[in-house]
Amino acid sequence: MPQPQSSSSAGSRFIAPWLILLGALLRGISYLYSANAGGDAWARVALTSRWLQHPTAKVVFDTYPPGQFWLVGLMSLFVHDVTTAGRLLSLLSGIGSLLVVWKLARLLYGDSAALFSLAAFCFYSLHIGYSTTSSAEAVYLFFLLAGLLFFFAYAQPPSPRLWRLAAAGVLFSISESIRYEAWIVFGVSFLLLPVVERMLLGIKPWRAQLRSLATFGLTGGAWPVFMMTYSWRKLGDPMYLVHWNKLRVIESLKTVPLSHQLTLMPLALLISVSPIAIAAAFWGLARSFPRRLCSAFAILTIVFGAVQTYETLTGGLLALARYTITLGALLTIVAGYGFELTCQRLAPQRRTLARVVVIALLGLNSIAILLGSEIPNRFADRLASISPRLRYQAHVADVAEYLRAQMGPNDGVAVDGYRVESDIVAAAAGLPIAAGNRTYLADSKNAITVRDYIAAEHPRFLVYADQGKFHDSLVLPAGCGGTQQIDGVNFRCTFTGQVYRVYELSYP
């Protein structure tokens, strides 16, 4: 790897803290102005709230691993509002990730390249937005990146330090307890460990290799082994949560066009990381292979991207913008090396100017995404999912605004499930987390059908989508005209939006 000049390294180390401060400021501002609208944020808060009402040693939370729920529960000891606790946990994790990314990039590619990596991650719009939500992405990513930092720090000559490998394993296990993507990263890292040791440390005795593999395997594999053992003993299937989640994906794919499934994640990655950073990342990946430590990181990045792509193409993963956050973070690290090589070739005598130009372009990309998501246009809702400021999409916001204006404190409502967002509509409408029988959400585990719920609880409102889940048991005519009577209940359409219609129900 080309060694940067000492003056360049000193300049990079001087600028980096200011970039970290800027990244922290951006995430803090976004926290103040963002809605808790990211992905499954409301569902996770609701599950945590119910658990904390009667806390037990709970391991299964719907289809989710328990790690983030435990951490939010711990945070709620200091911040008593569960939603605030979840969002603050993401904010602290997001800010901490800035420092980890810089240190990891320095370790792999050197000071000057690490400055570019930090800049790309600092302005990574998807990460800014998800550092403000009670969803799990930012929290999981912090522990994953920290695990990678200790893993590659272990591989530094002249002599390996097993405590770093053990620390990497523990951090991987924490991230594995939050999201399944970490299982892939740990598995690839475990397979790479003997290769990394041979290339960089010259470890030849089989006993030394066995000791390091055992250390990393026991610490990093602790959570998957525990989770699979627990699921097998309690639920009869070691991969119960994975299989259950896949069934929900298959159900959700029924309403998702194939073109959407194939293009969303690549486009989200390209736009949110920025086109120039993605181009630099591909260049950095190609040039990483002659360098031993860098080649190991490049292999890990490529394999993770290949596995995620395979799962998406075969229907094992629902294409959502937030699912690109892991690959996006890895690519920002490699992009720094690509930027550094490009600047060395195109502007060897104007390194400072080149840095300013690159950082400015990365910042302008985030600004363009923000403006594109806020100014009304045909792409605004699509950009909202990767914007630095998270907000509810227009088709959710319009029905939520109507419900807020019309619903009384004791009115019940049944919310349809269009693309697994019934909980998002409920959160946007201001429904309380612990609403009891007041709400019926199509995407929750329900023991009764919506028709049975209407007959038993007499909700005042029904939120309905023609492509939603209620259609299986409750069919209402398209359009919003007149009053329909079903099972003796009058359904009067009072609002129609881009996706949802709202019916006011009256009973005999």
Consider a paramagnetic label point 7 Å from the Cα of Ser444 along Cα→Cβ; state which residues of segment 43-67 have an amide N under 15 Å from it. 43-53, 62-63
Output the Kirkwood hydrodynamic radius of segment 123-263, Cα pairs only, in Å rounded to one decimal. 17.1 Å
Taking a label point 7 Å from the Cα of Arg451 along Cα-to-Cβ, the residues of segment 477-508 whose backbone nitrogen sits under 16 Å from it are 477, 484-491
Mind grabbing the base-10 log of I(q)/I(0) for segment 463-508 at q = 0.25, 0.28, 0.30 Å⁻¹? Debye formula, identical points on the C-alpha positions, no solvent, two decimal places. -0.94, -1.14, -1.26
Placing each pseudo-label 7 Å from Cα in the direction of the beta carbon, Ala394 and Arg345 end up separated by a distance in nanometres of 4.2 nm
Kindly provide the trypsin sites (Lys or Arg not before Pro) of segment 335-386 that DSSP labels as loop, not H, G, I, E or B, and whose Cβ sees at most 12 other Cβ atoms within 10 Å. Arg350, Arg378
How big is the Cα convex hull of segment 350-508 in projection, averaged over all directions, in nm²? 12.0 nm²
What fraction of the Cα pairs in segment 151-221, stated in percent, has a spacing above 21 angstrom? 19 percent
If you find the alpha carbon centre of segment 149-189 and of segment 260-339, how far apart are they in angstrom? 20 Å
Can I get the semi-axes of segment 210-318's equivalent ellipsoid? Compute them from the C-alpha gyration tensor as square roots of 5 times the eigenvalues, in angstrom, largest first. 30, 27, 8
Gln406 paired with Phe379, simple spin-label distance in nm, labels 7 Å along Cα-to-beta-carbon: 3.4 nm
Quick one, can you get me the convex hull of the C-alpha atoms of segment 421-506 expressed as volume per residue in Å³? 98 Å³
Kindly sort His395, His54, His243 by accessible area of their heavy atoms, largest first, with the probe set to 1.4 Å. His54, His243, His395
Principal axis dimensions, segment 1-112 - Cα atoms, whole angstrom, descending: 59, 29, 25
If a paramagnetic tag sat 7 Å from the Cα of Phe226 along the Cα-Cβ line, which residues of segment 157-186 would have the backbone N under 14 Å from that point? 169-179
In a solvent-free Debye calculation with one equal scatterer on each Cα, what is log10 I(q)/I(0) for segment 69-204 at q = 0.15, 0.20, 0.22 Å⁻¹, listed in the order of the q values? -0.78, -1.18, -1.30
Label-point separation, Arg292 to Cys480 (7 Å along Cα→Cβ), nm: 6.7 nm
What percentages make up the Cα-Cα pair-distance distribution of segment 240-383 when the bins are 5 Å wide from 0? 2, 9, 15, 17, 16, 15, 12, 8, 4, 2, 1, 0
Table column - 3J(HN,Hα) (Hz), segment 333-343, Karplus curve with 6.51, -1.76, 1.60, x for Gly and Pro: 5, 5, 4, x, 5, x, 4, 4, 5, 5, 5
May I have the count of lysine pairs in the chain with C-alpha atoms under 24 Å apart, counting pairs 8 or more residues apart or located on different chains? 11
Taking N as the number of residues in segment 358-443, the ratio of its alpha carbon radius of gyration to 2.2 N^0.38 Å works out to 1.36
Options (i) 24.5, 83; (ii) 33.7, 117; (iii) 25.0, 77 for Rg and Dmax of the Cα atoms in Å; the value derived from the coordinates is listed as (i)
Which Cys residues of the chain have no other Cys Cβ less than 4.7 Å away and so no disulfide-compatible partner by this rule? Cys122, Cys294, Cys343
So in the chain, what percent of DSSP beta bridges are antiparallel if you round to the nearest 5? 75 percent
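The values are calculated or read from the model by the stated rules, or taken from the named source; none is laboratory data. What you are looking at is a predicted structure, and each value in this text was computed from that prediction instead of being measured. Cβ atoms come from the backbone with ideal geometry, glycine included; neighbour counts cover every protein chain shown. SASA here: full protein model, heavy atoms, side chains in, ligands and nucleic acids out. Shrake-Rupley method; radii C 1.70, N 1.55, O 1.52, S 1.80 Å.
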